[in-house]
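A quick write-up on the structure given underneath.
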């Protein structure tokens with residue numbers, strides 16, 4: 001493999017904060033560790049802009065939050081003024097802006113389009129141009145997403161590679177549950193079901209709350225780590241069900257490790273828009289039994305009865321029954337958690353992700 005160092009530019013138009021943005025920064029940090037130059041282009045008000053600065057990742061604020069001529073021209077000016085080897089786009093808006101800006105440059109820059117979610121892609125000529133002509137390669141965060149683009153959108157299989165998000169296997173490890181609970185001020189003896197996810201509708205929090213409310217053991221606690229647009233609705237639901245004293249919502253956490261180590265069961269009942277969620281991988285590395293759904297590429301991590309339990313999306317009854325089953329069977333929790341950790345270690349390590357992305361970047365730039 002060539003040892004030439006690349007200038008990799010990531011573009012992200014989203015103002016939100018979740019697994020997609022975290023992957024961008026994690027991957028960028030890994031490329032910097034390998035000696036590459038990395039620059040992030042994003043709107044000034046995007047949270048990823050401030051987070052990049054905190055992590056020492058070079059970031060440039062551009063008006064690329066919307067699909068308009070101003071964004072195209074801003075991106076074109078920046079690209080024209082800097083030597084760039086490859087552009088990695090991440091959301092629809094920045095993908096279009098980068099593609100249009102790059103078309104008018106004297107020196108064309110190859111574009112890699114990363115698809116993080118399983119939302120359908122439109123069937124039309126312009127979208128096909130974006131993915132198959134303007135983009136040199138497509139990366140999906142799971143094999144199911146890759147199959148969707150091939151089977152549904154009829155994109156060329158040779159242009160698409162699945163590279164699941166990698167998690168730091170040295171950081172996310174099983175820990176002392178009692179010590180974690182003491183540190184966080186959580187009850188030491190109560191069974192704790194937990195979720196770590198941005199509070200978005202499709203993450204399925206409301207179904208988890210509904211399932212939790214129906215559990216016969218009222219000593220059980222529910223831990224909801226994260227923040228987001230459905231927080232108010234979630235708090236209202238918790239209040240209406242009389243669960244305020246039994247549900248803990250600590251908001252976003254810089255380090256979710258102790259929160260995961262404090263849990264007995266991890267649940268993520270998503271019903272749309274998933275690749276392989278990072279929180280599931282983090283929980284698996286912590287040796288937790290998982291309950292999730294067959295959405296996106298989740299089944300690449302959570303195999304029913306082996307590394308977790310899989311339930312029907314938007315089905316609070318099935319979710320409750322699975323929670324009850326795990327809480328009642330310590331041996332099952334232990335076996336699922338052990339198998340989950342082994343799978344995450346084998347398939348979803350940080351170094352594997354960075355190495356595979358580096359190969360793709362080198363191939364599209366001719367530095368393979």
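Quick note: the coordinates plus some simple rules give every number you see, no bench work behind them. Treat the numbers as computed from the prediction; the structure is a model and nothing was measured. Glycine gets a Cβ as well: all are built from the backbone with ideal geometry, and neighbour counts include every protein chain shown.
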Consider a paramagnetic label point 7 Å from the Cα of residue 83 along Cα→Cβ; state which residues of segment 1-33 have an amide N under 16 Å from it.
3-9
Test of understanding: in a Gaussian network model of the chain with alpha carbons linked when under 10 Å, which of 47, 23, 170 would top the mean-square fluctuation ranking?
170
Global geometry of segment 177-347, whether rounded, prolate or oblate, following the gyration tensor of its Cα atoms and the 1.5 cut on a/c
rounded
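To the nearest 500 deg cm²/dmol, what mean residue ellipticity at 222 nm is calculated for the chain from DSSP H runs of n ≥ 4 alone, each contributing -39,500 (n - 2.57), summed and divided by the residues?
On the way: 14 runs with 149 residues, N = 368.
Theoretical 222 nm ellipticity from helices: -12000 deg cm²/dmol.
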According to the square roots a ≥ b ≥ c of the eigenvalues of the Cα gyration tensor, what is the shape class of segment 150-278, taking rounded for a/c under 1.5, prolate for a/b larger than b/c otherwise, and oblate for the remainder?
oblate
With Cα atoms, 0 to 90° folded angle of helix 316-328 axis to the chain main axis
60 degrees
Cα Rg, Dmax (largest Cα-Cα span) when computed across the chain, Å:
21.2, 67
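Taking Cα pairs under 8 Å and at least six residues apart, what relative contact order does segment 177-347 come out at, in percent? Don't jump to the answer; show the numbers that get you there.
Details: 326 pairs, mean separation 40.0, N = 171.
Once divided by the residue count of segment 177-347, the mean separation gives 23 percent.
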Suppose each label sits 7 Å from its Cα in the direction of the beta carbon; what would the residue 346-residue 60 distance come out to in nanometres?
4.4 nm
Remind me, relative contact order of the chain in percent, using alpha carbon pairs under 8 angstrom and six or more residues apart?
15 percent
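What full-extension length gain, to one decimal in nm, is calculated for residue 184 and residue 325 as 0.36 nm per residue of separation minus the Cα-Cα distance? Write out the running numbers ahead of the final one.
Working: separation 141, 0.36 × 141 = 50.76 nm, distance 2.63 nm.
Using 0.36 nm per residue and subtracting the Cα-Cα distance, I get 48.1 nm.
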Label-point separation in nm, residue 241 to residue 159, each point 7 Å along Cα→Cβ:
4.5 nm
Multiply the residue gap between residue 219 and residue 255 by 0.36 nm, knock off their C-alpha separation, and tell me the result in nm, one decimal place.
10.3 nm
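Taking neighbour Cβ counts within 10 Å as the exposure measure, how do 131, 207 sort from fewest upward?
On the way: 131 20, 207 23.
Final ranking by Cβ density, sparse to dense: 131, 207.
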Per the C-alpha gyration tensor (a ≥ b ≥ c, the square roots of its eigenvalues), segment 186-250 is rounded if a/c is under 1.5, else prolate if a/b beats b/c, else oblate; here it's prolate
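Determine, for 284, 263, the number of other Cβ atoms within 10 Å of each Cβ, and report the residues in order from fewest to most.
Values: 284 30, 263 25.
Sorted ascending by nearby Cβ count, the order is 263, 284.
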Ranked 93, 307, criterion: other C-beta atoms within 10 Å, fewest first
93, 307
Mind checking the full-extension length gain between residue 367 and residue 125? Use 0.36 nm per residue of separation minus the Cα-Cα distance, one decimal, nm.
84.0 nm
